[in-house]
Every structure is written in structure tokens, then in C-alpha cells.
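Novice: Following this message is one structure expressed as C-alpha cells.
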Amino acid sequence: MQYDVRKYGAAGDGRTDDTASVQNCIDLCSSKGGGTVLLDEGTFRCGTLFLKSDVTIKITESAVLLASPDIGEYSADTHYNRYRNEKDLDRCFLYAQDEKNLCITGNGRIVGNAEAFPNKNSIYRPMMIRFLRCENITLEQVRLLDSAAWTTAFLDSRDIWVRNVKIHNDKRYNGDGLDFDGCQNVFIDNCQISGTDDNLCLQSSSKNYPMENVHITNCQFRSICAAIRIGLKSIGTIRDVVISNCTMRNVWREGIKIECSEGGEISDISVQNIVMHNVSRPVFVLLNNRFLPDDLGSSIELIEMPQIGAMKNLTFSNITAVDDEEMQKPHMRFGKDLMGAPWFNGIRIDAEENHPIKNVTFCNVRYESIGGVKKTQIPEEYPAVEDQLRSQKKLTSENYYPDWSRAAFLDIRNVDGLYCSAVQFCSQYEDERKAYYIEQSRILKQEIFIENKEMERKKDERRI
């Protein structure tokens with residue numbers, strides 16, 4: 001059965017509140033055993049819509065599902081954002097809880113109306129889509145644009161397909177693309193994501209819901225922050241993740257960012273066949289513990305400083321990362337936050353000395369950084385990762401600090417089982433920092449080649 005929302009009272013003129021008409025179609029469709037709710041030819045302005053089992057929302061190429069600019073039209077009963085410092089993101093545009101067989105498709109657009117939020121006298125900026133404890137979810141052939149906060153949050157759900165989806169956010173903070181927390185069996189294919197925060201996140205808020213069996217392939221990423229982030233929110237387990245055949249361009253912080261900081265375990269991650277262009281830190285890996293209730297990134301579910309967790313079996317193969325002249329300058333977010341700079345660059349892996357990361361492989365990696373950093377641009381001392389349950393030191397190497405790199409290309413500490421094969425580094429301009437550090441690690445193989453492009457360029461100039 002197909003239910004055309006216009007036949008049930010929707011105006012589709014972009015001004016009229018169509019929430020009730022669209023919701024009635026969804027409810028009727030689900031109650032009759034399922035089918036398709038059709039949005040065609042028009043702009044359908046709505047507040048919170050509750051998605052139901054066995055219903056496909058089809059938005060045709062001629063249609064727009066537009067988020068209402070009035071926060072009063074968004075329900076308070078849509079769960080909440082699980083970061084302690086982001087209560088302003090609790091409201092949601094499209095929401096489903098304990099439902100199954102859900103699909104959003106159709107070549108049309110869902111527009112979050114980002115510039116309308118927050119309303120006067122309100123803190124809230126609604127997420128675009130949130131699923132809680134749902135099964136068999138498909139999101140395909142749609143454009144998700146201008147979300148006022150995160151674009152999607154898949155929570156404690158399973159059997160998820162995201163295919164041929166384009167996401168673009170550039171107007172507000174927290175412009176995440178695809179966020180998964182405690183989900184199993186996730187397939188992401190042929191997506192384009194551009195945003196003001198992490199493009200794609202894999203997280204774990206609970207030991208009861210592991211984040212596992214994830215496949216990310218054939219995607220394109222562009223971000224003011226990170227392209228793919230695994231962890232930070234890491235109370236439980238994140239494992240069995242394959243990332244392959246993707247490109248990343250103009251990513252001002254990290255390409256692949258893996259952080260186990262809340263006592264859980266991250267393991268069995270394979271990153272292969274990735275091309276990066278202008279990515280400040282191609283790879284960032286950190287094992288530590290943190291509890292900052294009034295600062296960035298502490299889980300609501302975390303109530304005290306955790307023990308340091310575990311991280312193992314990380315493989316990075318066939319990675320090409322190249323900078324051009326764009327990377328000579330610092331990059332800011334909305335003119336205020338420094339996100340990346342030449343002195344911030346490089347591959348970094350770090351852990352507390354009594355809790356090493358186990359089994360890290362780099363194979364066939366080429367990194368051409370912009371270089372050009374002077375020793376006077378960075379502090380002389382580089383802090384270690386401290387166990388926050390035991391150390392009284394205020395200065396510790398952690399998720400957002402230090403905001404510089406002591407090595408030109410690679411900085412690795414506390415890895416038990418490091419294998420580097422066919423790893424090549426070169427800089428566009430002479431860099432006064434040491435090329436790489438490998439400290440307090442058990443090395444299985446160390447095959448690293450350094451090339452000086454500026455020296456070769458000067459030789460060519462002399463020949464001419």
C-alpha cells in the first residue's frame with residue numbers, strides 16, 4: 001500500500017504545518033501492515049515525526065521534508081543525546097524507538113533548517129534522525145542537508161544499511177554525519193559526508209550493547225573535524241570494523257581517530273585502501289582514561305573515572321596521505337576554534353606505559369606532509385599519557401592535548417607488537433622536527449623510508 005500525504009491533508013507549500021497529516025499517514029500505514037508513505041512534489045514542513053514499524057518514507061526527487069523552524073513543534077519524548085555536555089541536542093526531527101523494518105529513501109531531500117536554531121529563549125537544536133533499539137533499518141538515496149545538530153544517531157540498534165546517502169552540514173556546531181552507538185551489523189556504502197564535526201562515529205555507551213560487525217566502504221569524507229572517529233565514548237566494546245576504499249579531502253583534524261578513554265575495549269580494526277588529501281593527522285590512536293563532566297566528551301552513563309581499558313589488533317594498509325599548499329596555513333572552525341595547523345600534523349599512537357596497545361600494523365603507507373615547521377614553533381617537552389586514577393600531574397597527553405606534534409611524521413609510544421612494512425615519509429618543505437619517534441614499544445619490524453622533497457627540488461634547480 002502507498003499513502004500519499006497530500007491525500008491526507010498535507011499542503012506541501014513549505015509554510016503550513018504538515019506534521020499531523022504526515023504522522024497520520026505513518027500511523028495508518030503501520031497499522032494496516034506496512035507500506036510506503038509518499039512525499040511528492042512540494043516542501044512538507046513538519047515538527048517531530050515518529051517513525052513506525054514496516055513503513056517506508058519515500059521522498060521523491062521533487063520533494064523536500066523540511067524541519068520546522070519552531071522548536072515548540074519538537075517533542076521532548078525522543079530520548080536524549082548521550083554526551084553529558086550536549087543537552088541542547090536532545091530534541092529530534094525524525095524519531096523511532098523499539099521499531100523494526102524502517103526505511104527512508106527516494107532521491108529527495110531532508111533539510112534541517114539549521115540557521116533557524118536555536119530559537120530565542122531556547123537552548124535546543126534538534127538532531128535530524130534518531131533510532132533507539134530498532135532493527136532492520138535502511139537509509140538510502142536521500143540527501144540530508146543543513147542539520148541543526150547531529151544528522152543521525154543510531155542507538156542500541158542492529159541490522160543497519162546506509163547506502164548512496166549524501167550529507168552536508170556547514171552552518172552549526174555539532175554537524176556530525178553518521179553516528180552509531182552500541183549497534184551491530186552495520187553496512188555503509190557509497191556515501192558522501194561533509195560537516196562541521198566528525199563525519200562518521202562508532203561509539204559504545206554500554207557493556208550490554210557492543211558496537212560490532214561494521215563495514216564502511218566506497219565513501220567520501222570532508223570535515224572541519226575528523227573523518228572517521230572510533231571511540232572516545234567507549235564504556236563497552238567496539239570490535240570487528242572494516243574501513244576500505246574511501247577518500248578523505250580537507251579534513252582539518254584526523255582522518256582515522258581511535259580513542260579508548262572510558263574503560264572499554266577496542267579491537268580488531270582494519271583500515272585499508274584509503275587516499276587522504278589535506279588531512280592534518282592521517283591516523284590518531286589513544287588508549288587512556290578520562291572523566292571530565294564539565295568538558296568535552298564525557299558520557300552521561302559514566303559516573304566516575306574509569307580504569308584504563310584495552311586496545312589491540314589495529315591494521316592500517318595501503319594508505320596514501322598527501323598535503324598540498326593549503327596545509328601551510330592554520331584552519332579554524334567558524335573563525336574561533338583552531339582545528340589544524342602544520343605543527344599539529346602527523347600520525348600519532350599513544351598509551352599509558354602500563355597499558356600498551358597490542359599489535360599495530362602499518363603496511364604500504366605513504367605520507368607526504370607539508371612540513372616547514374621550525375623547532376621554535378613547538379614546546380620542548382612533550383607530556384606522557386598519565387593514568388588519571390593514579391597520577392596527580394595536571395599536564396597529561398590526552399584526547400585534545402597537546403595541540404602540537406613533536407615529530408614531523410610519526411609518533412608512537414607504548415605499543416606491544418609494532419609492525420611497519422614499506423612505510424614512506426616525505427615533506428614538501430624542510431621540517432626541523434625529528435622525522436619519527438618510536439618509544440617504549442616492542443618492535444616486530446621497522447621498515448621506514450624518509451625522503452626530503454625540498455632537497456631534491458633544490459638539486460633540480462641547480463641543474464637548471
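Novice: Report yes if MET311 is over 17 Å from ARG281 (Cα atoms), under 23 Å from the mean Cα position of the chain (by Cα) and at pLDDT 95 or above, otherwise no. Give the steps one after another, and end with the answer.
Specialist: Working: over 17 Å from ARG281 (Cα atoms): yes; under 23 Å from the mean Cα position of the chain (by Cα): yes; at pLDDT 95 or above: yes.
Against the criterion (over 17 Å from ARG281 (Cα atoms), under 23 Å from the mean Cα position of the chain (by Cα) and at pLDDT 95 or above), MET311 qualifies.
Novice: Shifting gears a bit: Tell me which residues, restricted to region 336-395, are within 30 Å of ASN174 (Cβ to Cβ), touching a strand residue (DSSP E or B) at 6+ places or on another chain (Cβ under 9 Å) and basic (Lys, Arg).
Specialist: Within region 336-395, ARG348 is the sole residue that qualifies.
Novice: All but one of (1) part of a strand (DSSP E or B); (2) under 17 Å from the mean Cα position of the chain (by Cα); (3) over 28 Å from SER62 (Cα atoms) hold for ALA153; which doesn't?
Specialist: Checking ALA153 against (1) part of a strand (DSSP E or B); (2) under 17 Å from the mean Cα position of the chain (by Cα); (3) over 28 Å from SER62 (Cα atoms), the one that fails is (3).
Novice: Quick check on ASP54: is it farther than 25 Å from SER30 by Cα, acidic (Asp, Glu) and in contact with a helix residue (DSSP H, G or I) (Cβ under 9 Å, 6 or more places away or on another chain)? Spell out the reasoning first.
Specialist: On the way: farther than 25 Å from SER30 by Cα: no; acidic (Asp, Glu): yes; in contact with a helix residue (DSSP H, G or I) (Cβ under 9 Å, 6 or more places away or on another chain): yes.
When the stated conditions are applied, ASP54 does not pass them.
Novice: Sort through ASP18, ASP13, ASP40 and tell me the only one that's at pLDDT 95 or above, touching a Cys at 6+ places or on another chain (Cβ under 6 Å) and among the charged types (D, E, K, R).
Specialist: Working: ASP13 fails: touching a Cys at 6+ places or on another chain (Cβ under 6 Å); ASP40 fails: touching a Cys at 6+ places or on another chain (Cβ under 6 Å).
Answer to the check: ASP18.
Novice: So which residues in region 275-298 are among the hydroxyl-bearing types (Ser, Thr, Tyr), surrounded by fewer than 23 Cβ atoms within 10 Å (Cβ to Cβ) and not in a loop (DSSP other than H, G, I, E, B)?
Specialist: Result: no residue meets the conditions.
Novice: Considering only region 190-208, state which residues are under 14 Å from GLY231 (Cα atoms) and not hydrophobic (A, V, I, L, M, F, W, C).
Specialist: Across region 190-208, the qualifying residues are ASP198, ASN199, GLN203, SER204, SER205, SER206, LYS207.
Novice: Looking only at region 274-301, which residues are at pLDDT 95 or above and within 19 Å of SER391 (Cβ to Cβ)? Don't jump to the end; show me each part of the working.
Specialist: Here is the first cut: in region 274-301, the residues at pLDDT 95 or above are 274-289.
Those that are at pLDDT 95 or above and within 19 Å of SER391 (Cβ to Cβ): LEU286, LEU287, ASN288, ASN289.
Novice: Still on this structure, I have one more. Only residues that are over 12 Å from the mean Cα position of the chain (by Cα) and at positive phi: list them for region 210-240, please.
Specialist: If the condition is that a residue be over 12 Å from the mean Cα position of the chain (by Cα) and at positive phi, then ASN213, ASN218, ASP240 are the ones that fit.
Novice: Name every residue in region 359-389 that is among the hydrophobic types (A, V, I, L, M, F, W, C), touching a residue at least 60 places away in the same chain (Cβ under 8 Å), over 19 Å from ILE438 (Cα atoms) and surrounded by 19 or more Cβ atoms within 10 Å (Cβ to Cβ), in order of residue number.
Specialist: VAL373
Novice: Within region 128-159, how many residues are within 15 Å of ASP189 (Cβ to Cβ) and of a type in the set (D, E, K, R)?
Specialist: Here the count works out to 2.
Novice: What tally of residues in region 149-171 results from selecting those that are touching a Phe, Trp or Tyr at 6+ places or on another chain (Cβ under 7 Å) and over 15 Å from ILE104 (Cα atoms)?
Specialist: Matching residues across region 149-171 total 3.
Novice: A follow-up question, please. Name the residues in region 390-414 that are touching a residue at least 40 places away in the same chain (Cβ under 8 Å) and under 21 Å from the mean Cα position of the chain (by Cα), would you?
Specialist: Listed by number, the residues that qualify are GLU398, ASN399, TYR400, ASP403.
Novice: With the condition being touching a strand residue (DSSP E or B) at 6+ places or on another chain (Cβ under 7 Å) and surrounded by fewer than 18 Cβ atoms within 10 Å (Cβ to Cβ), I'd like the strands (runs of 3 or more DSSP E) fully within region 157-274 carrying at least 3 qualifying residues.
Specialist: On the way: elements: 158-163, 166-168, 178-181, 184-189, 192-195, 200-204, 211-217, 220-223, 228-234, 237-260.
Passing ranges, in order: 158-163, 184-189, 211-217, 237-260.
The values are calculated or read from the model by the stated rules, or taken from the named source; none is laboratory data. These numbers were taken from a predicted model, which means no experiment stands behind them. Neighbour counts run over all protein chains shown; Cβ positions are idealised from the backbone, glycine included.
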